[in-house]
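The values are calculated or read from the model by the stated rules, or taken from the named source; none is laboratory data. Bear in mind the structure is a predicted one, so any value in this text is a computation, not a measurement. Heads up, the Cβs are rebuilt from the backbone with ideal geometry, glycines too, and the neighbour counts pull from every protein chain shown. Quick note on the areas: whole protein, heavy atoms, side chains included, nothing else; ligands and nucleic acids left out. Shrake-Rupley method; radii C 1.70, N 1.55, O 1.52, S 1.80 Å.
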Amino acid sequence: MSLLDKEDLAENNATRVPVVFCLDTSGSMEGDPIKKLNQAVRDFYQALLDDRRAKYAADVCVVVFNSTAEVYRDFENVSHNNVPQVRSVNATTELGAGVQLSLDCLEQRVATYKANGLQCQPPMLIVMTDGVPVETDKTATPRAAARATTMEAAGDLTVIPFFVGDTRNESAINTIGSFSRVNDALSIKPSELSGLFKWISSKVIASSHAKAGSAPDIRIQDYVDQMIGQSGIDGLFK
């Protein structure tokens, strides 16, 4: 943990909303998809920065996965206005490893809050891919899915899974959907990423304004209902 983060934990006593973005940065994301993803991340941050309470409540971590999984940006309070921008690499898709690392980060962060006497809302995991996983360990994704859904069932996690692509890929949608038993996997086009991320930011804002332990439920169906009749939503597939 950096010195800055220690100072922040000591000086900022807001009830925290920990968020991890688990993002596919494999080679197929190169070009317009990664540009649209980075713009969506910027829009997410801006919405939170515009809310006086949410910007101090939201702590964001970015995990990326390609041939490996890594913490691209460790947890940092949004008020620091240090917006991450990811890049794609010519590599494969270790989805399960990415989700496992994301869950490790969330559990460690919650433990840090407790150690520092801070309250927090249930963590949020936003996990996206643009294809089926290509993994050295074929059990990686099922094991990560079992862990995520167990945490979700215990009320310790909200998972928002989605597939990004101009063409619907039912196998990829099935796979990404396995990380949640509450939220269906959303299939969207790259051009709709900003709209989705703005909606996610609205849920973070709502959580930041709620009392600790009483965060509102987050249901992807609410976003779907909001977007009915508009382009870019290919539908849901579990």
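Taking every residue in the stretch 192-216 that is farther than 17 Å from Gln46 by Cβ and pairing it with any residue that is assigned to a helix (DSSP H, G or I) and open to solvent by less than 10 Å² (accessible area, probe 1.4 Å), at least 6 positions away or on another chain, the pairs with Cβ-Cβ distances below 8 Å are Ser207/Ala57; His209/Ala54; Ala215/Ser207; Pro216/Ser207.
The set of residues in the stretch 168-222 being open to solvent by less than 30 Å² (accessible area, probe 1.4 Å), more than 15 Å from Val19 (Cα to Cα) and part of a loop (DSSP other than H, G, I, E, B) consists of Phe179, Ser180, Asn183, Ala210.
Only residues that are among the polar types (S, T, N, Q) and in contact (Cβ under 8 Å) with a residue 24 or more places away in the chain: list them for the stretch 52-90, please.
Asn66, Ser67, Thr68, Asn77, Ser79, Asn81, Gln85, Ser88, Asn90
Restricting attention to the stretch 25-44 and to residues that are closer than 16 Å to Val60 by Cβ and of a type in the set (A, V, I, L, M), the residue that is surrounded by the fewest Cβ atoms within 10 Å (Cβ to Cβ) turns out to be Val41.
Taking each residue of the stretch 21-34 that is over 14 Å from Gln85 (Cβ atoms) and looking for partners that are small (Gly, Ala, Ser) and buried (at least 24 other Cβ atoms within 10 Å of the Cβ) with beta-carbon atoms closer than 9 Å, six or more apart or interchain, yields Cys22/Gly98; Cys22/Ser102; Asp24/Gly98. Just one of the listed residues (Thr139, Thr93, Thr149) is under 23 Å from Phe197 (Cα atoms), without any contact (Cβ under 8 Å) to a residue 60 or more places away in the chain and of a type in the set (Ser, Thr, Tyr), and it is Thr149. Residues of the stretch 108-129 that are open to solvent by 10 Å² or more (accessible area, probe 1.4 Å) and farther than 19 Å from Ile218 by Cβ: Gln108, Ala111, Thr112, Lys114, Ala115, Asn116, Gly117, Leu118.
Here Gly117 fulfils each of the conditions (1) more than 15 Å from the chain's Cα centre (by Cα); (2) of a type outside the set (A, V, I, L, M); (3) at negative phi apart from (3). Looking across the stretch 134-145, just one residue is loosely packed, with under 12 Cβ neighbours inside 10 Å and either in a helix (DSSP H, G or I) or modelled with pLDDT of 95 or more (or both), and that is Thr139. Could you please let me know if Asn12 is within 24 Å of Ser194 (Cβ to Cβ), touching a Phe, Trp or Tyr at 6+ places or on another chain (Cβ under 7 Å), of a type outside the set (A, V, I, L, M, F, W, C) and touching a residue at least 60 places away in the same chain (Cβ under 8 Å)? No: the conditions fail for Asn12.
Of all residues in the stretch 68-89, none are under 18 Å from Val159 (Cβ atoms) and of a type outside the set (A, V, I, L, M, F, W, C). Only residues that are among the polar types (S, T, N, Q) and open to solvent by 60 Å² or more (accessible area, probe 1.4 Å) were counted across the stretch 146-163, and they come to 1. Just one of the listed residues (Asp130, Asp59, Asp74) is under 17 Å from Ile200 (Cβ atoms) and among the acidic types (Asp, Glu), namely Asp59. Taking helices (runs of 4 or more DSSP H) as the structural unit, those lying wholly within the stretch 26-128 and holding at least 2 residues that are modelled with pLDDT under 95 and hydroxyl-bearing (Ser, Thr, Tyr) correspond to 95-115.
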